[in-house]
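Structure first, then comments.
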Amino acid sequence: MGRYVLSRCRQVVPVLFGVTLITFLLIHVGLGDPVRAMMGQRSDPEIAARIRTEYGLDKPLWNQYTLYMGKLLVGDLGYSYRQRRPVSRVLAERLPATVRLAFAAMVVALLVGGIAGTIAAVRHNTLWDLLIMTLSLLGISTPVFWLGMMLILLFGVWLGWFPISGYGDGGFTHLVLPALTLGALQAGYIARMTRSALLEVLRQEYVQTARAKGLRERVVILKHALRNAILPVLTLAGIGLAELLAGAPLTEMVFAWPGLGRLLVSALGNRDIPVVLGATLLFALIYLGANFLVDLAYAAIDPRVELTKR
Amino acid sequence: MRAVDGVTLSVRPGEMLGLVGESGCGKTVTALSILRLVPDPPGRIVGGTISFEGRDLVRLPEEEIRKIRGCAISMIFQEPMTSLNPVFTVGEQVAEGIRQHQKVSRREAWDQAVEVLKRVKISDPARRAREYPHQLSGGMRQRVMIAIALALRPKLLIADEPTTALDVTIQAQILELLLGLQEEMKMAVMLITHDLGVIAETADRVVVMYAGRVVEEASVKELFDNPLHPYTQGLMESLPRLETGKARRRLRAIPGLVPNLLELPTGCKFAPRCPKVVEQCWPTEPELREIRPGHSARCILAG
Amino acid sequence: MTAWRQWHLGILLGSVLLAFFGLIGLLAPLLAPHDPYQIPEGLQAFSLLSPRPDYWLGTDLLGRDLLSRILYGARVSLLVGVLVELVVTPVGATIGLFAGYFGGRMDAILMRITDAVMAFPALVLAIALTAVLERPGLLSVIIVLTAVRWTTVARLVRGQVLSLREAEHIAATVVLGAGRGRIIFRHLLPNCLAPILVAMTFGVASNILSEAGLGFLGLGVQPPTVSWGSLLAEGAVYLTVKPWLCIFPGLAITCTVLGFHVLGDGLRDILDPRLRS
């Protein structure tokens, strides 16, 4: 177990390295001159030069990169140009909101998708099946942010059930619509996957063995079949989480949710390079961490998977 | 499509009935329908009676038949590799059936499960019980399947090709185990197989099936000494035998293919492959007639 | 029997939906009741009209007919969706083929790169890339989406090749002394075509959604060109007061994407007999 965690961490390093390198190059080449963006209209070359030296922007690019990586190794993400405070503090402020949103969305996706997919498989070729499959098809065909807008219209503006934007005091009501929005797409995928995996499993002989033991149909499905069908669903959920995180900026924009995604979009607009780099890295880390959790769950459920080998 | 039509079988307590036929002839469907395990859809039991201790299983409510499954009547399936659930330990899978039918604690069920595993001659059962199916060999898994089936001392055991998927040496061990346990528990066993050799070694009485119908029924000795139906004769000739004295005989296969159940002839279903076929075989299907005491066949040429 | 009817229905439904939106895009100049770009004179009288007989879906802030703009938007959205997939598929397939066929170090390196790109939130990479390309526009959208989307096909083809490499009929051709090129192009590639075709159908759907997302963040095509994504970006401001500006472009996206999904499901059903239920 400990060895497995260690080997996984070793795998993560090159990926993170690649992510940093790509972002660093793209941003420094692409975002244009951050100093000019910072100073706006007044362009005093003397002040500009001073800022450049202060942030190390006068050095060659490779030098800037090695400096950045050196600091990164000791956990220093640099200073935000715009907010003039450590990037780590800026990120730490925004991280909980995004994790809360992503977590709630994933719970929505797994619960709604899992239950719907199970019903569709058990009631195979009935009206329920058709209804659930149609809904999940709609779920995966709707642009995330547009779904958000429609939910705002329906539940926020017309019905007035939920607040339509912001974080509020961190309560549940503000979370409902963003979580539904972000979770809907994955719920659709998970419902489809659960259904097809369960249909496949129900054809297996061990399901017949379970029935021949005299178990109730409910036990046969919920214990024997679902436990096996959940494995491919978990794999999908791991990939889905990446998509979910990718959708986070859009959802956060629609709902004015104070998370990492919105921070990233605004930092790009402001040419706040250290923040962009930090946020991107953090997204990649969340993704890798979540996939690690999925693998652990996989091993916990399927005794055939051994963590030490891989 | 009628996979199985007009099959009448009976098994007495303590008896081992062999059910023989080529794959696809309806043996498994017959077995599954006893416990009403035929998947519906696509399958359905449209008629008939299955009488067990005076009760008709076909008309029993679902809740009642469930109480019989795995308790009074048990089943063993062909593929030990796929018949056990890969994500539960074998002990759990044995104990589960016990807990389903008896009011015992988790702990007691587990102890009983270990006891049953010991009875099917699994070495170190306490340790094996905590292992998962993928950690066991094929023969071992089939022993576990037998343990699941026999945990509650059923009155009837239906064994569907229990040895087909196993190595020859393991086959003999499993058959021996089954015979021993039958003796010990005095239960009725219905052994389904395509292998007449297995029948010869184990069964008391034999039913031969072809295309969803019973074509011949007799005691083992009678059937092997005096096969009446050309299909049974064909099966015997395709069986290798150790014969001393007499000249070596050629092994012969039955010509033709297992019939497609959708395109059966109106008359005798075996007619297209029968070496002795005559004009009268084609128009109507012969009845199953008792040719001698305790020996019946579905062939106009018999007797 | 029922399975046959299901895929038939799926392919039919998907094709009809897609043909409808495809025709809309192609024939936009003929179908559009108004000029989608021209700001009418006497703007005040035309700004933000509700749906009415001469403006079926209403007008935007600058008095332009929303229906006409959606018709023209279909061109960009579909073009981006299809074009990106046409670029991405050969690129991804080649990478997947190399990784799967040669294995070893080549495989390890290519798959590490794939992992890195996938660990990247796609939209973040897209945003960063758009910034690199300085001025967002049709070309930048296509480049950006290509850069993030090749991984799907690459993984798919690699997996296929890995399983095929062990397949007996391929092994037989190796034994018979077929050259590498022949094995790849005559044996491996044709066997990957069916899953690739299905993946492409789903890929187009995904591209259209991504284009909409970029457009919504203002990183898509720039005015005066319109796409469904940019229409939604413009409409978002008026969501609570003039909701039709958001509802209709979104419906267009959803229906088109739905069409590709239904078609993809149908294709998978007929091309992969194992998955037929």
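The values are calculated or read from the model by the stated rules, or taken from the named source; none is laboratory data. Not measured: the values here are computed from a predicted model. Positions of Cβ are generated from backbone atoms using ideal geometry, with glycine treated the same way; all protein chains shown enter the neighbour counts. Remember, those area values only see protein heavy atoms, side chains included, never the ligands or the DNA or RNA. Shrake-Rupley method; radii C 1.70, N 1.55, O 1.52, S 1.80 Å.
Taking the stated definitions as given, is C:P249 out of contact with any Asp or Glu (no Cβ under 7 Å at 6 or more places or on another chain) and either facing chain A (nearest Cβ under 7 Å) or open to solvent by 40 Å² or more (accessible area, probe 1.4 Å) (or both)?
Criteria not met by C:P249.
Looking at this structure, is A:W146 without any contact (Cβ under 8 Å) to a residue 12 or more places away in the chain and surrounded by 21 or more Cβ atoms within 10 Å (Cβ to Cβ)? Outline the logic, then answer.
Numbers: without any contact (Cβ under 8 Å) to a residue 12 or more places away in the chain: yes; surrounded by 21 or more Cβ atoms within 10 Å (Cβ to Cβ): yes.
So A:W146 fits the description; yes.
With C:A233, C:A212 as the choices, which residue is more than 18 Å from the chain's Cα centre (by Cα) and not β-branched (V, I, T)?
Unique residue meeting the criteria: C:A233.
For the structure I just gave you, tell me whether A:L226 is open to solvent by 10 Å² or more (accessible area, probe 1.4 Å) and either at pLDDT 90 or above or part of a helix (DSSP H, G or I) (or both).
Criteria met by A:L226.
Can you find a residue in region B:216-230 that is surrounded by fewer than 21 Cβ atoms within 10 Å (Cβ to Cβ), among the hydroxyl-bearing types (S, T, Y), farther than 30 Å from B:Q102 by Cα and at pLDDT 90 or above?
Scanning region B:216-230 turns up at least one residue that is surrounded by fewer than 21 Cβ atoms within 10 Å (Cβ to Cβ), among the hydroxyl-bearing types (S, T, Y), farther than 30 Å from B:Q102 by Cα and at pLDDT 90 or above.
Please pick out the residue among A:L137, A:L130 that is closer than 27 Å to A:L231 by Cβ, among the aliphatic types (A, V, I, L, M), over 20 Å from the mean Cα position of the chain (by Cα) and within 8 Å of chain C (Cβ to nearest Cβ).
A:L137
Which residues, counting only those in region B:256-274, are under 15 Å from B:C25 (Cα atoms) and open to solvent by 50 Å² or more (accessible area, probe 1.4 Å)?
The answer is B:G256, B:L257, B:V258, B:N260, B:L262, B:E263.
Only one of these is within 9 Å of another protein chain (Cβ to nearest Cβ), part of a helix (DSSP H, G or I) and closer than 18 Å to A:R192 by Cα: C:G229, C:G266, C:G259, C:G213. Name it.
On inspection, the qualifying residue turns out to be C:G259.
Considering only residues that are open to solvent by 70 Å² or more (accessible area, probe 1.4 Å) and in a helix (DSSP H, G or I), look in region B:56-75 and name the one that is farthest from the other protein chains (Cβ to nearest Cβ).
B:R59
Before we move on, is B:R127 outside any loop (DSSP other than H, G, I, E, B), in the same structural domain as B:T82 (by TED's automatic domain parsing) and out of contact with any helix residue (DSSP H, G or I) (no Cβ under 9 Å at 6 or more places or on another chain)? Step through it out loud before you land on a result.
On the way: outside any loop (DSSP other than H, G, I, E, B): yes; in the same structural domain as B:T82 (by TED's automatic domain parsing): yes; out of contact with any helix residue (DSSP H, G or I) (no Cβ under 9 Å at 6 or more places or on another chain): yes.
Taking the combined requirement at face value, the residue satisfies it.
One line per residue, one yes/no per condition, for (1) under 28 Å from A:K223 (Cα atoms); (2) within 14 Å of chain C (Cβ to nearest Cβ); (3) not small (G, A, S):
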position: A:V90; (1), (2), (3): no, no, yes
position: A:A97; (1), (2), (3): no, no, no
position: A:R100; (1), (2), (3): no, no, yes
position: A:G113; (1), (2), (3): yes, no, no
position: A:T142; (1), (2), (3): no, yes, yes
position: A:H174; (1), (2), (3): no, no, yes
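So B:S83 ticks every box in (1) small (G, A, S); (2) within 12 Å of another protein chain (Cβ to nearest Cβ); (3) open to solvent by 10 Å² or more (accessible area, probe 1.4 Å) but one. Which box is left unticked?
(3)
B:D111 passes all but one of (1) more than 14 Å from chain A (Cβ to nearest Cβ); (2) closer than 30 Å to B:H194 by Cβ; which number fails?
(2)
Can you confirm whether A:A284 is of a type in the set (G, A, S), surrounded by 20 or more Cβ atoms within 10 Å (Cβ to Cβ), closer than 16 Å to A:V99 by Cβ and modelled with pLDDT of 80 or more?
yes
Let me confirm something: among B:Q100, B:Q78, B:Q135, which residue is open to solvent by 10 Å² or more (accessible area, probe 1.4 Å), within 13 Å of chain A (Cβ to nearest Cβ) and touching a Gly at 6+ places or on another chain (Cβ under 6 Å)?
One residue alone meets the criteria, B:Q100.
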